[in-house]
Amino acid sequence: MLLFGVAGKPLASNAFLSPRWGGLVLQNVPRLLPNTTLPQSFTVNMQVVMSVFLSQLRLLLGINTKEMPADIERDPPGMSGVRDWEVDVLLRQRAVENLVTATQTLQSLAELLKKISNIVINDDVGEKVKLATESIEQAHLLFSEGDMKKGFLMSRQGLTAAEQAFFDPSLLALLYFPDDQKFAIYIPLFLPISIPVILSLKHLKYFFRRDAKEKTA
């Protein structure tokens, strides 16, 4: 089985990659001769297979150095398959994504809370918002000092805290079921019942007034 590229020619690697899912390498075996006794054993060149697997893994992790100028010499990645500076670049990219997402989540939460004036923020949500804000500020400080690993961990902590605050169950009920919607739902249900009750109170008031007049007379 062969895989063909865009140009219509077979791919040398005979493999393909599905973004965010994984990769697949097709290994063909030699054609068997007639009257061959089965099963047969075949030797797979694992060096070729693992080189393709490593290339796919780098692409899935977002490590791509094809855009670098050709005149720049790069050391071999070694046994790990990833260079130290590539790890730093990956941490920077992921940290920037975390910081941007965490900031946007906090801004969205602030805008939603402004629209609902009577909303009550409990201490748990307040602590999560505080933790997210402090983590974002600490991540910026660590990156300015050149500490990529701790800065990335702090950005991830800020993103987690921001999302936990935004999707807190105590806020979701108020965000999706505000008071005006509750009134719109319950008023049609209780209004027909409340009218007879009000009329009964009017009759009771008239009865007590008449009874009081008879006692004074």
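For the reader, a short list of remarks on this structure follows.
- Linear extension gain, L3 paired with V100, 0.36 nm per residue minus alpha-carbon span: 31.0 nm
- Dipole moment magnitude, nearest 20 debye, region 85-170 about Cα centre, only Lys, Arg, Asp, Glu C-beta charged: 140 debye
- Cα→Cβ-extended label distance, 7 Å offset, between Q27 and V44, nm: 0.2 nm
- Label zone at L59 (point 7 Å along Cα-to-Cβ), backbone N below 18 Å, region 1-26: 2-26
- Pairwise centroid distance, computed over Cα atoms, of region 1-35 with region 126-153, Å: 45 Å
- Probe 1.4 Å, accessible area per residue of region 3-48, Å²: 93 Å²
The values are calculated or read from the model by the stated rules, or taken from the named source; none is laboratory data. Please read these numbers as outputs of a predicted model, since none were measured by experiment. A quick note on method: Cβ atoms are made from the backbone with ideal geometry, for glycine too, and the neighbour counts reach across all protein chains shown. The area values use the complete protein model at the heavy-atom level, side chains included, leaving out ligands, DNA and RNA. Shrake-Rupley method; radii C 1.70, N 1.55, O 1.52, S 1.80 Å.
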